[in-house]
Amino acid sequence: MKITGVELRRIAMPLVAPFRTSFGTETSRDVLLVRVVTPDAEGWSECVAMAEPLYSSEYVDGAAEVIRRFLLPALPKNLDAGDVARALEPIKGHRMAKAAVETAVLDAQLKAAGESFGRFLGAARSRVPCGVSVGIMDSIPQLLDAVGGYLDEGYVRIKLKIEPGWDVEPVRAVRERFGDDVLLQVDANAAYSLTDARRLARLDAFDLLLIEQPLANDDLVQHAKLATRLRTPICLDESIESAEHAAAAIALGSCSIINIKPGRIGGYLEARRIHDLCRANGIAVWCGGMLETGLGRAANVALAALPGFTLPGDTSGSRRYYATDVTEPFELVDGHLEVPSGPGIGVEPIPSVLDEVTTSAEWIAL
Ligand code: NPG
């Protein structure tokens, strides 16, 4: 496949409500979209880098710069999506930027071939069960209202963001109000240290599905120690940036579950490798989210349909985050989202919406 050029487009997407985590509060997403143009088809992707490097070292201005200056010039003239990662390997890190490039190339290639992401990746079902991630709130009553609303909408699993000072009490309140049958998990975004093990062990009383990324990103050894002190299964997110990291975490006993975020770990091909490795090792996986618009969500939903994704993902409906999505909105039916079946990611941006939210666009001829 020959790429004619690439458009880097920035869009501003206000969130329906502020989303607070242990690392910051998001009120609006500054999203970098990548459009790859070939003679036969166009491919779209969304870079998951946030405006500021608080969740990871990548950030959206940096991602645009590295794509423009280093990644696009490194692509061969004639390429297959399967060659992109290797071509970009000499450039260190920048997995979010690399994922955006590879995904747009893959979308163009699959659109030209008339094949859907789901089919290409090996989806085993046509719809996926959906969980929702609930941010840190100002008060417990406010949290209970939010959780009640999501359960009414049909979400099949609730994830509570936690941090020191907002952990045992909110979890207890949700369990007391909504009962033991609700699938419940927590996400610390690396906010604790091993000295908090006793406090974290108090969460064992609430029969959680998992605790996600309690300790620092680069600390597989301490996660393995923590795992021996908790009954609640440990799930890693930020710590896992590649299949190699996943292999190390499994070997060390650092986790028994992995949250796969394709946009963060270099793309859907690496995501599938992690899925395959985990499946072979009896490690459950689920698909994370990074407040994607419909463009990113579409491919995530396809990935979440692979057979090893045995836990509900953060694959919420569009309106969890956006009043108006850039694609046709993803809507929950009976707690599930339909896997797009059209070619490539199976969705397109709606031109009028896209124009309205665009803050800049840059064409790079290749
Ligand atoms: O549903 O898209 C979603 C968001 C799920 O909580 C969620 N994402 O730490 O997993 C996370 C968190 C996140 C959001 C991380 C934004 C980074 C940026």
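Values in this text are rule-based calculations from the coordinates and carry no lab data. All of these numbers come straight from a predicted model, not from anything done at the bench. Note: ideal-geometry Cβ built from the backbone for every residue, glycine included; neighbour counts use all protein chains shown.
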*In what sequence, highest mean first, do 201-211, 169-179 appear when ranked by Cβ atoms within 10 angstrom?*
201-211, 169-179
*For ARG229 and ALA251, what is the calculated FRET efficiency with R₀ set at 22 Å and r taken between the beta-carbons, to the nearest 0.05?*
0.70
*Can you figure out the FRET efficiency of ALA113 with PHE206, using R₀ = 51 Å and their beta-carbon distance, to the nearest 0.05?*
0.60
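Can you pull the Rg over Rh of the chain, Cα-only, Kirkwood?
On the way: Rg = 19.6 Å, Rh = 20.6 Å.
When Rh is taken as the Kirkwood radius, the ratio is 0.95.
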_Helical contribution to [θ] at 222 nm, DSSP H n ≥ 4, -39,500 (n - 2.57), averaged over the chain, rounded to 500_ = -9500 deg cm²/dmol
*Listed highest first by mean packing, meaning other Cβ atoms within 10 Å per residue, what order do 8-15, 87-94 come in?*
8-15, 87-94
_I need the P(r) histogram for segment 4-98: all alpha carbon pairs, bin width 5 Å from 0 out to the longest distance, whole percents._
2, 12, 21, 23, 17, 11, 8, 5, 1, 0
*Angle between the Cα long axis of helix 168-178 and the longest principal axis of the chain, 0 to 90 degrees, nearest 10?*
90
*How high is the relative contact order of segment 119-338, in percent, with contacts defined as C-alpha pairs under 8 Å that are six or more residues apart?*
22
*Which of the peptides 23-32, 154-163 is most tightly packed, and how do the rest follow, judged by the mean count of other Cβ atoms within 10 Å per residue?*
154-163, 23-32
*From the Cα gyration tensor of segment 206-317, with a ≥ b ≥ c the square roots of its eigenvalues, which class applies: rounded if a/c is under 1.5, or else prolate if a/b is larger than b/c, or else oblate?*
prolate
*Taking a ≥ b ≥ c as the square roots of the eigenvalues of the Cα gyration tensor of segment 129-190, is the shape rounded (a/c under 1.5), prolate (a/b larger than b/c) or oblate?*
prolate
*Name all residues of segment 34-76 having a backbone nitrogen under 17 Å from the label point set 7 Å from the Cα of ALA87 along its Cα→Cβ direction, giving them as ranges.*
34-45, 66-76
*First measure r as the distance between the Cβ atoms of ALA74 and ARG199, then evaluate 1/(1 + (r/R0)^6) with R0 = 41 Å and state the FRET efficiency to the nearest 0.05.*
0.35
*Listed pairs LYS98/LYS261; LYS92/LYS161; LYS2/LYS111; LYS111/LYS261; LYS159/LYS261; LYS77/LYS98 exceeding 20 Å between Cα atoms*: LYS92/LYS161; LYS111/LYS261
_Using alpha-carbon coordinates, inclination of helix 95-113 to the longest axis of the chain, degrees_ = 60
*Angle in degrees between helix 140-153 and the longest Cα principal axis of the chain, rounded to the nearest 10*: 60
_Could you check the spin-label model distance between ALA216 and ASP355? Points 7 Å from the Cα along Cα→Cβ, value in nm._
5.1
*Using alpha-carbon pairs under 8 Å, 6+ residues apart, how would you state the relative contact order of segment 145-254 in percent?*
23
